[in-house]
Amino acid sequence: MSTIYVARQPILDKNSEIKAYEILYRDAYQESSFDNDRFASASVVNSVLNSFGTKRLLGEKRAFIKIDEKFLLSDIIFSIPKEFFVFLIFSHIKINQAMVTRVKELTQKGYSFGIDNIVPTKDIFLKYGALFSSLDYFKILLSDEKSSEIRMCIGELKRLNMEIIAAKIEDESSFLEAKELGCDYFEGYYFAKPKIMQNREYNPRRAAVLNLYNMLMNEESIDKAADEFEKNPEITVQLLQFVNSAAFHFRKKISSIHHVIVLLGRGQLAKWLMLMIYSKSFSSRIEISPLMLMVKNRTELMERIVLEIHPDAGSNMLGEAYMVGVLSLMDTIFSMPLGEVLENLNISDEVKDALLYDEGMYGDIYKVVRSVESMNINTIVDFEMKYHLAPNRVKNIIMKSIEAVVALELPKKESA
């Protein structure tokens, strides 16, 4: 079997908190998922359990994995720890008595099952009715043409104690519609889509972060930068908590911003500022958002791929790679086109060209990063060939990046 690429897509609750991850997978020469290949599902489960470990890949979350009839009926499934996975049965599979018996047997042993992407109409009660008593989840697709029927079906499914996951939520309106219909969880990129408004204004706290970033990168004096920090107490409190946490191992705890700038350095502090823009709020504690995890994954991929191409890459090259990743979702944060956001930042032409036009080495890597999220494997394979990388190199980088994102998610006491 060819190389299998794995990525995570978050499944969110009504408060946009991450409940679990769906593990997506494709091979190097196939654009579609392994819909009918039990060996692909087995390979993905093996990767989660053995190659990377559940803690490294999932943190404290569970993994939703799609399976077909062959995988369900094989003895492989009995060797899989039930506490880490939810198995989603492909919706196109014809349900037979052998499957019904196996699902009931496994649910009695504590395994969890759902049905994958389907528009819920009255037909589902005929097609999947024999499984309903054994299902925990139903993953649905919305359709404007059948909204009243979908509402009825969701109500019936919830009365049967199933939790509803709305899939392919790609904008705010579909998210709000899914919530109004009674869906429990949501999957898609709606949180990473910019909402362009007529009267645009910077969030003042986020604008302050951009100002601080520019001061650091423009070589303003440490005293001036420290003074500017002190004018923004919410940001200062978060920074002090960050450097006094397990993320750093200074001998003495830090109490002044001047001290922070000296010890961290301008570059590291600028990175932190940009990452904080993606947190859920500027408050007395850091609140990690799905968007923040997404941008963390992008920056990890950007830097690690640069090092794969140029093992001797210096801080300038790595810094520019990082900036491409961290700025790539700024249009979402500021609700305005990315080109307008970049006009307010002191960044190089190489970074701008990569973000706006996919140009240069950084642009090539940025395309790969987006391809990882959309599981466009052809782009990844083409990139490996163009830059003379060995097969599996990008796959390994993807997994190391996921591991770094999981470390950000875990409670501080576990990463200490």
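The values are calculated or read from the model by the stated rules, or taken from the named source; none is laboratory data. Keep in mind it's a predicted model, so treat the numbers as computed, not measured. Note that we place each Cβ from the backbone using ideal geometry, even for glycine, and neighbour counts take in every protein chain shown.
Every test in (1) within 30 Å of the chain's Cα centre (by Cα); (2) more than 20 Å from Tyr25 (Cα to Cα); (3) aliphatic (A, V, I, L, M) is passed by Val100 save one, and that test is (1).
Cβ-Cβ contacts under 6 Å between residues 6 or more apart (or on different chains), taken from a first residue in segment 52-81 that is crowded, with 19+ Cβ neighbours inside 10 Å and in a strand (DSSP E or B) to a second residue that is among the acidic types (Asp, Glu) and modelled with pLDDT of 85 or more, are listed as Phe64/Glu22; Lys66/Asp116.
Look at (1) at pLDDT below 80; (2) under 26 Å from Ala166 (Cα atoms) and you find that Phe52 fails only one, number (2). Looking only at residues in segment 170-204 that are at pLDDT 85 or above and assigned to a loop (DSSP other than H, G, I, E, B), the one that is farthest from the chain's Cα centre (by Cα) is Gly182. Restricting attention to segment 1-28, the residues that are modelled with pLDDT of 80 or more and of a type in the set (A, V, I, L, M, F, W, C) total 5.
Quick one: would you say Lys139 is under 20 Å from Phe186 (Cα atoms), charged (D, E, K, R) and under 25 Å from the mean Cα position of the chain (by Cα)?
Details: under 20 Å from Phe186 (Cα atoms): yes; charged (D, E, K, R): yes; under 25 Å from the mean Cα position of the chain (by Cα): yes.
Answer is yes for this residue.
Scanning segment 88-108 for residues that are among the basic types (Lys, Arg) and at pLDDT below 95 gives a single hit, Lys94. The selection criterion, being crowded, with 21+ Cβ neighbours inside 10 Å, at pLDDT below 90, under 28 Å from Glu219 (Cα atoms) and hydrophobic (A, V, I, L, M, F, W, C), holds for Met330.
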